[in-house]
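Reviewing the structure listed below.
The values are calculated or read from the model by the stated rules, or taken from the named source; none is laboratory data. As the structure is a computational prediction, the values presented were derived from the model and not from experiment. Don't worry about glycine lacking a Cβ; one is built from the backbone with ideal geometry, like all the others, and counts go over all protein chains shown.
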Amino acid sequence: MDLQTFWFILIAVLFIGYFFLEGFDFGVGILMPFVSKDEVDRRVTINTIGPFWDANEVWLITAGGAMFAAFPHWYATLFSGFYLPLFLILLALIVRAVGFEFRSKMKERWWRLTADHFIFWGSVLPAFLWGVAFTNIVIGLPIGEDMNFTGTLPALLNPYALLGGLVSLVMFTLHGAIFLSLRTTDELKARVEKTAKLMWIPVGVILLTFALLGYRQTILFEEFGIIPGTLPMIAIVSFLAVIVFMNINRFGYAFAATGATIVFGSLVVFQGMFPLVMPSSLDPDFHLTIYNASSSDLTLTIMSVLAIIFVPIILAYQGWSYWVFRERVTRDAIPRS
Amino acid sequence: MEALELARWQFGITTVYHFIFVPLTLGLSVLVAILQTFYYRTGDIHYKMLTKYFGKLFVIIFTLGIVTGIVQEFQFGMNWSEYSRFVGDIFGIPLAIEALTAFFIESTFLGLWIFGWTRLPKAVHLACIWLVAIASNLSAVWILMANSWMQVPVGYELVGGRAELADFIAILLNERLLVQMPHTILGGFITGGMFVLGLSAWMIIRNQQAEIFLKSAKIALVFTAVASLLTATTGHDQAQETVKTQPMKMAAMEGLWETEQPAGFSLFAIINQQEGTSSREIRLPYMLSVLAHNNVTSEVRGMNDIQAEMEEIHGPGDYLPPVAIVYWSFRIMVGLGVLFIIVAFWGLWLWWKGKLQDHGLFLKTSIVMIFLTFLANTAGWMVAEMGRQPWVVYELLLTADGVSPSVFKNSIWITMIGFTFVYGVLAVAAFYLVWYFGKQGAHEEEEGVETNLHTY
């Protein structure tokens, strides 16, 4: 395996880790206004991801940094091309973080209501826009000879990409609902479990539509043929397993299953792209590939050594933090003010 | 305005705003860790109250540092795609390392610290805040490594119109990094120190838990006194290094048009960049030679000479930075730096005399210092970054050549207004919260009783 392939895999891992982890905390932010019947419930809901959301978001920062270092042209084309969508994602992440941190600082109703809007919209927008962005990458963008995006904003908002946004939005929401069922108790827990079960069929219909249209819409999946292959099969089976586990009341397994759906669904996308990182819809000669977009071998080698040392350490202490806060959040644990 | 100017304004606004919060968190994280260490070692409940009081303010400020930092991570690609392509091989490495070695530690262990008062053994909980403090400062090291390379590019070779990595060790040991990193971090320590000192002074003036806040005032005084002295000496190192590596920046900092030997340090001047003159100047003879080379006889080169030399190397063009801005930013930074040393040692002297808590003028001065530290940090950053212009990578890539060709004026207007508006609202909210919780004073604590299981 050459260095470029290794780094393509690593960046895929970072994005997939981000979707898995921030996926459920987006879902919690989206569900917060709907599953809570009062202020205490809202605080319980937010506190289920309290110690985690920030570290989950660092997966994105790291993916961005790694992309900059390993594939500067990918980083430059992607973020200048998706200029306004990325701006919206950044604004959303800003107000969301501030919503979490500042919400309980003041008692006034308007203050907390504003924070609730920050948290809700700050979760909806990125959950939707990441799907739009990745679908667009897969379909191919008008990338010119100089590697720069030559299209316009409306081109990014094509129907198939919007459907892709809907896919990530509803999938993260389901993932978040099941996460909530693991971190809450009593009535709130019963409500999120019911919500998750109700969501399963509509989410499945959206996923299926997206997958079937994918054969027609994208050049990248032609190689798959009629039989989709191993990775898509695992994604499909995982999604089917979600409802089975929920029905026998094993929400821990159901969470693993939504996680697997996200992981393997994303893997399909990255596998389909490889070795391209940004296909050009104008001319195959203008494709950005892992080779023409990459840094020098020296940079990739140094980065590889660092990644091999630090990624396991990070996984260890981040995992430990989940273990420290493994208890469910109860209504009694919420301060009265 | 054209897309280039707008992109520069946006970068300037978002970066200066980010740099309001970052230096404060560099110093404040360490001070909160020190306060908690005092609590851990002595068991004095007052230190626990102080830890929570300043810890709460730290988290408010840290949040804004984080969210504005996310924008920084992506806006190189958004607005400066050609820059990103040119430098990615080198500049991307410290950014990626920063995420791997600093951001993950900060975010994970801050979560553990905020929510872990009841869950973790005392020593482990203390270790969490130390890890946050160390990682915050470590992230400053990495980002300054990236910045130092823009100022003084080393360890690269130009391949196919891009700077490719040739020698990683050279970048790690970039001379600019070795002087700029301690200077910037120590400036952050002054900021954190003055913040703790000023808020403590405010509480003492209000006679609210004065006995408790006298303890934090004393810790902050020692911390600030040491940091302010070392900031001055490392600043001197950086000036000497700048003379060698970026003579144009140094000449602009001094408004020095013609080469002089020996050279005087300018105290005041009216700069006219069009005509290339500095008038109504007040100068201290020999002092610039001292600043630049540590002796009273050496030559310091002026802007006209350096401009001519750069034209010879890089072709015709205007290689002058905005001289008046650089000149005055430098004076504001140095003037305030001297003021911080005076205030810190004035406070130490009052403490020694046993009059610290009664000296109204000193206590009020300390409160004002909180605001002046931000001005000093911003001015210092302006010297470093405006003084680099018109280059984005010094003598390798012009700022004008780094901008994204695919991002148009209207888009940048939208994002600039959007960021500025949201940042403005957040600044008001954060200032209000710091004032509101600052005013409340420290919560009474009981040994062994933890109340805030969930803070959100």
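If you scan the stretch A:314-327, which residues turn out to be more than 9 Å from chain B (Cβ to nearest Cβ) and either touching a Leu at 6+ places or on another chain (Cβ under 9 Å) or aromatic (Phe, Trp, Tyr) (or both)?
Across the stretch A:314-327, the qualifying residues are A:Tyr322, A:Trp323.
With the condition being acidic (Asp, Glu), outside the structural domain of B:Leu350 (by TED's automatic domain parsing) and free of Cβ contacts under 8 Å to residues at least 40 places away in the same chain, I'd like the helices (runs of 4 or more DSSP H) fully within the stretch B:201-314 carrying at least 3 qualifying residues.
Counting at least 3 such residues, we get B:303-314.
When you look at B:Ser29, is it touching a Pro at 6+ places or on another chain (Cβ under 9 Å) and assigned to a helix (DSSP H, G or I), yes or no?
Here the answer is no, as B:Ser29 does not meet what is asked.
Out of everything in the stretch B:184-207 that is among the aliphatic types (A, V, I, L, M) and farther than 25 Å from B:Val334 by Cβ, what residue ends up being surrounded by the fewest Cβ atoms within 10 Å (Cβ to Cβ)?
Across the stretch B:184-207, the extreme among qualifying residues is B:Ile205.
Check every one of the helices (runs of 4 or more DSSP H) wholly within the stretch B:73-171 and list those with 3 or more residues that are within 30 Å of B:Thr242 (Cβ to Cβ) and in the same structural domain as B:Thr37 (by TED's automatic domain parsing).
Answer list for the stretch B:73-171: B:81-98, B:122-151.
Restricted to the stretch B:419-441, and to residues that are in contact (Cβ under 8 Å) with a residue 12 or more places away in the chain and of a type in the set (Ser, Thr, Tyr), which residue is nearest to the other protein chains (Cβ to nearest Cβ)?
Filtering first and then ranking leaves B:Tyr423.
Just checking, which of B:Glu98, B:Glu106 is buried (at least 24 other Cβ atoms within 10 Å of the Cβ), within 20 Å of the chain's Cα centre (by Cα) and more than 7 Å from chain A (Cβ to nearest Cβ)?
B:Glu106
Only one of (1) assigned to a loop (DSSP other than H, G, I, E, B); (2) more than 14 Å from chain A (Cβ to nearest Cβ); (3) crowded, with 18+ Cβ neighbours inside 10 Å fails for B:Glu395. Which number is that?
With (1) assigned to a loop (DSSP other than H, G, I, E, B); (2) more than 14 Å from chain A (Cβ to nearest Cβ); (3) crowded, with 18+ Cβ neighbours inside 10 Å applied to B:Glu395, the lone miss is (3).
Just wondering, is there one or more residues in the stretch A:275-298 that are in contact with a Phe, Trp or Tyr (Cβ under 9 Å, 6 or more places away or on another chain), assigned to a helix (DSSP H, G or I) and either within 14 Å of chain B (Cβ to nearest Cβ) or over 25 Å from A:Ser168 (Cβ atoms) (or both)?
yes
Quick grid of which residues meet (1) in contact with a Phe, Trp or Tyr (Cβ under 8 Å, 6 or more places away or on another chain); (2) within 14 Å of chain A (Cβ to nearest Cβ):
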| position | (1), (2) |
| --- | --- |
| B:Ala135 | yes, yes |
| B:Leu138 | no, yes |
| B:Ile143 | no, yes |
| B:Val152 | yes, no |
| B:Glu157 | no, yes |
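Would it be correct to say that B:Trp328 is in a loop (DSSP other than H, G, I, E, B) and under 22 Å from B:Glu385 (Cα atoms)?
Criteria not met by B:Trp328.
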